[in-house]
Amino acid sequence: MTIITAPEEFFGYQLGSDRKIARWNDIVDYFYCLESESDRIKVINMGETTEGNPFLLTIISSPDNLADLDHFRQVNAQISDPEGLADETMGDLIREGRAVVCQTMSMHATEIGGTQMAPELAHDLLSDSSESTLKILENVIFLMVPCFNPDGQLMVADWYEEHLGTEYEGCRLPQLYHKYAGHDNNRDAFMLNIPESRYVGEILFRQWKPQAYQDHHHMGSYGARFYVAPYCDPIHPYADPLIWREHSWFGAHMAYKLEEGEKKGILNAAQFPGWGHLGFHWITAYHNIAGMLTESASAKLASPLYIHPGQLRGASPKTLPEYEAQTNFPNPWEGGWWRLRDIVEQKKIAAWALLDLCAHHRETVLRNAYNKARRQTERGRQSDRYAFVIDARQHDPLTRDKLVTILINQGIQVRMAEKDFEAGGRTYPAGTYVVHVAQPKMGLIRTLLDRTLHPEGYWTRQPDGSPVVFDTASDTVAEYMGVTVTPVDREFEGEFTAVTKVRPARGETSAGAHGYVLDGRLNDAYAAVNCLLRDGHEVFRAEEPLEAQGVAFPAGSFVVSAGDEVDRILAGIAEELGVSFHGLSSQPDVDLVPARARRIGMYQRYWGGNADEGWTRYVFDQFGFAYTTLMDKDIRAGSLREAFDVIIIPSDPEYMIVDVDRAGNETAARHLKWLEDTVPPEYRSGMGEEGVKALGAFVQDGGRLVAFDQAWSVAAEACDLRVENAVEGMASKEYYTHGSTLHCQVDSSHPLGYGMPEDSLVFNWDSAVFEICETVYAERYEVIARYPTQNLLQSGKLVGEDKIAGRPAMLRVRQGDGDVVLIGFRCQHRAQTHGTYKLLFNCLL
């Protein structure tokens, strides 16, 4: 038998050893080494990560299975979508098929155990010839992503090595551990914005559709040692019941094997609820995949952590209120030294146990994959929703196309109308998209497209009655994106064609002797304008509605000057972005204001970075807005107006921006106690009073300061604004939204509201709501967006409607020679809320 190189031999130490982190480039080399030595593994480079590193998928199975992967993938596809197949045919497919299991490692880069464990798990599967291992290889196709976030893995490994042997050994990385997303990469499973998400989405949702998926994470250090499935309550409504039973089945086997392996502190059915954000291990439930996560107690990266028994705590007031034995936590760990090696060993046991159970019950796993698909299709057929119609006539048709692309990338079946049709008492034109609910991913369709209300009950309230939501209360992507999707309850007919890829929008350019009009309702119009301004072309904004070639355009639409070669340049932009330029046959009879690219600065801090800042950079990069990152020292240096026209402060608590040492803030004090002594002094950020004054001077000198959500108070202090947050300090029992969509009335005649629908949906996460306190110069305070007086909630949860009804949600305040824009909500949240992007973009031109 061929000798398979052991990890200890390749890396020079046992993975998980104290003070050792194997870097991703070496792990990549090791997997290619394994592929050269064994016929049980295939290594696939899916492509480059955000920062150009290789993203690997390793497939481990028997040599015969690997030689026929395409066949087994097709078999699995038929089991996962059995419409039209006879029972006899399905029986043959189940007997012929292989259980497909996917496991991903270390999505969150500081949670290093999964990636350090992956080479050892692979080696054991390739080198062992015991009956149990051969059974796994014969019956399971194991898809392993050894590192979900290679860029972050390299950042963390290098940071750890830099501080090894110093007083800061094992301290937290000061910046985001992904260029854009940081910890939020797990919140990208439905949008699939970043390349790493797209690769895993392709594996899970389109190529393979595994029966089980496990995502390996870490959690805090002072509770249980290891969490495995199932989740605790509440659960989301649209998954097949078999999903929740599979979680219990798989999780029980993992917990059993961990206890058998003498691992202590194993917890299941607690702490992590079945209703969470649509991260990869949660969204998979609506793909009929048993999506699970493991959570290991953390060490200090690769450095051991000593924990006294008295420091150990329960995990949740209702599922593990005290750190003591209970049925789902029968063997508490007593405390002592906790090491990376402990994490590696428990993750490997859990990963192996999942493979083992699927190998022993292959046909049961496959039959229930078929049952879930069949039953979900039937539930869709019998539900109160027949289909969701995505009208071709949208406020922003190009964003509609992006929504449809998201649905297709999720593996949802989408059809397009070839002719006009009637549904629900309305006539829809050709080009309208239809998503029928009677399909295997019924649960996902309703989760993403249907109005969703977070439940009220025992499991969604703390013992004191306070509401509790794990991350977002709703993930209704169509609402986020500002796309109108209409549910239709009754069956309708039409001529529809299946769509596997959205046809690129064909922008047009018609001759214009007096210039061209570009619709300001399109998000992509701003990308087009940025291209034109960058190349020195004249662009204006119309202050009133105008018309070109019989088409009406609202105030805020763009007008491009005529000139030599302009037709050719506009045609290229139209082809690339899908926008159309409508020629003007006469000089427009409206006031035009020059549009110019502003010099943009974006504040960035340390203390682990701010994902809201990272996602803002992502949005700017996608739409062509140039910007400069501003750190504390840059702000404090002053003279900001010489270099910048606009400064952005992403949403963040005031103390994280200004000074965590500020007295009187309990949250800041906890943060300081938790982190400060472990962080090198040069990374203890905060712009301080000096920085706040510099921002005020910037506005007085003619600059624009834009602050999102929590950061509003920094801008208000810097410029001495007479504004208060009407919900400041309210308990969650008084005001709570935690990631919900609310109706908001936007003044689309105001330059900052240009292009927006008057009735818009905004993403509110317990967000700021303003009260104007100025009485002498109240005319300087302009309301751009305001919550209506009633019926605010669209999806999610809203406690305290009366506290925010009728109040301003977005303000512009003229101050000195400049102005301040307070956007009380997160208009660019996680690069998901396309429907409110224009409120930010309008601040930048």
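Just a few scattered comments:
- Scoring 499-505, 828-834, 551-557, 626-632 by mean Cβ neighbours within 10 Å over their residues and listing the highest first yields 828-834, 551-557, 626-632, 499-505.
- Hydrodynamic radius of region 570-611 per Kirkwood, over alpha carbon pairs, in Å: 15.3 Å
- Ordering 413-423, 192-202 by mean Cβ neighbour count within 10 Å, with the highest value first, yields 192-202, 413-423.
- Cα centroid separation - region 564-594 against region 164-203, whole Å: 40 Å
- Quarter of Cα convex hull surface for region 552-692, i.e. mean projection, nm²: 12.8 nm²
- Over region 231-384: Kirkwood hydrodynamic radius from C-alpha pairwise inverse distances, Å: 17.2 Å
- Angle between the chain longest axis and helix 241-260 axis [Cα atoms, degrees, rounded to 10]: 50 degrees
- Per-selection Kirkwood Rh - region 294-363 (Cα, Å, 1 d.p.): 14.2 Å
- Computing FRET efficiency as 1/(1 + (r/R0)^6) for residue 722 and residue 510, where r is the C-beta to C-beta distance and R0 is 41 Å, gives about 0.25.
- Kirkwood Rh and Cα Rg combined as Rg/Rh, region 529-632: 1.08
- A straight line joining the Cα centroids of region 751-796 and region 611-655 runs 23 Å.
- Nonlocal amide H pairs with residue 541, under 5 Å, H built at 1.01 Å: 559, 593, 595
- Between 0 and 90 degrees, the angle of helix 24-37 with respect to the longest Cα principal axis of the chain falls at about 40 degrees.
- Coarse-grained scattering of region 29-146 at q = 0.10, 0.19, 0.20 Å⁻¹, given as base-10 log I(q)/I(0) from a Debye sum over alpha-carbon atoms: -0.36, -1.05, -1.12
- Here the Karplus curve 6.51 cos²θ - 1.76 cosθ + 1.60, taken at θ = phi - 60°, turns the phi angles of region 264-271 into couplings of 9, x, 8, 10, 9, 6, 7, 6 Hz, with x standing for Gly and Pro.
- Electrostatic bookkeeping for residue 773 treats Lys and Arg as +1 and Asp and Glu as -1; over the other residues with beta carbon under 9 Å from its beta carbon, the sum is -2.
- Per-atom-type breakdown for the chain gives carbon and sulfur 45% of the accessible area (1.4 Å probe, protein chains only).
- Against the chain, whose longest principal axis comes from its Cα atoms, helix 362-382 is set at around 30 degrees.
- The chain, helix-only ellipticity at 222 nm - DSSP H runs n ≥ 4, -39,500 (n - 2.57), divided by all residues, nearest 500: -9500 deg cm²/dmol
- Across region 666-730, Cα-Cα pairs farther apart than 20 Å form 45% of the total.
- Packing-based ranking, highest mean first, of 450-456, 600-606, 184-190 given that Cβ atoms within 10 Å are counted: 184-190, 600-606, 450-456
- Taking Lys and Arg as +1 and Asp and Glu as -1, the other residues whose beta-carbon sits under 11 Å from that of residue 540 total -1.
- Take the convex hull of the alpha carbons in region 505-572; its mean projected area over all directions comes to 4.5 nm².
- Antiparallel content of DSSP bridges confined to the chain, in %, to 5: 65 percent
- Only Lys, Arg (+1) and Asp, Glu (-1) charged, at Cβ; region 352-497 dipole about Cα centre in debye: 420 debye
- When the Cα positions of 772, 752, 791 are compared along the charge dipole of region 690-823, 791 comes out farthest toward the positive end, with charges on each C-beta of Lys, Arg, Asp and Glu.
- Distance between the pseudo-spin-label points of residue 636 and residue 405 (7 Å out from Cα toward the beta carbon): 4.3 nm.
- For the chain, the dipole from Cβ point charges (+1 on Lys and Arg, -1 on Asp and Glu) about the Cα centre works out to 1140 debye, to the nearest 20.
- Two-decimal log10 I(q)/I(0) for region 83-151, as the Debye equation yields it once each C-alpha is a single scatterer, q = 0.24, 0.27 Å⁻¹: -1.02, -1.15
- The separation of region 40-86 from region 227-288, counted between C-alpha centres, amounts to 24 Å.
- Per residue convex hull volume, Cα atoms of region 357-421, in Å³: 138 Å³
- Tail beyond 23 Å, pair distance distribution of region 123-215 (Cα, percent): 47 percent
- Other residues whose C-beta falls under 15 angstrom from the C-beta of residue 92 contribute a net charge of 0, scoring Lys and Arg +1 and Asp and Glu -1.
- Probe 1.4 Å, protein heavy atoms only - accessible area per residue of region 100-179 in square angstrom: 26 Å²
- Charge-dipole axis of region 493-638 as Lys and Arg at +1 and Asp and Glu at -1 on Cβ define it, positive-most pick from 635, 615, 553: 635
- Largest first, the extents of the alpha carbon coordinates of region 736-845 on the three principal axes equal 40, 30, 21 Å.
- Column: log10 I(q)/I(0), Debye, Cα scatterers of region 627-667, q = 0.32 Å⁻¹: -1.22
- For the chain, dividing the convex hull volume of the Cα atoms by the residue count gives 170 Å³ per residue.
- Whole-number D in µm² s⁻¹ for region 462-505, Kirkwood Cα-pair radius fed into Stokes-Einstein, 20 °C, 1.002 mPa s: 139 µm²/s
- Reach of residue 264 by Cα under 15 Å, taken over aspartates and glutamates that are not fewer than 8 positions away in the same chain: 295, 324, 334, 342, 345
The values are calculated or read from the model by the stated rules, or taken from the named source; none is laboratory data. The structure displayed is predicted, hence computed values, not measured ones. Counting neighbours? That spans all protein chains shown, and the Cβs are built from the backbone with ideal geometry, glycine included. Please note that ligands, DNA and RNA were not included when accessible areas were found on the heavy atoms of the full protein model with its side chains. Shrake-Rupley method; radii C 1.70, N 1.55, O 1.52, S 1.80 Å.
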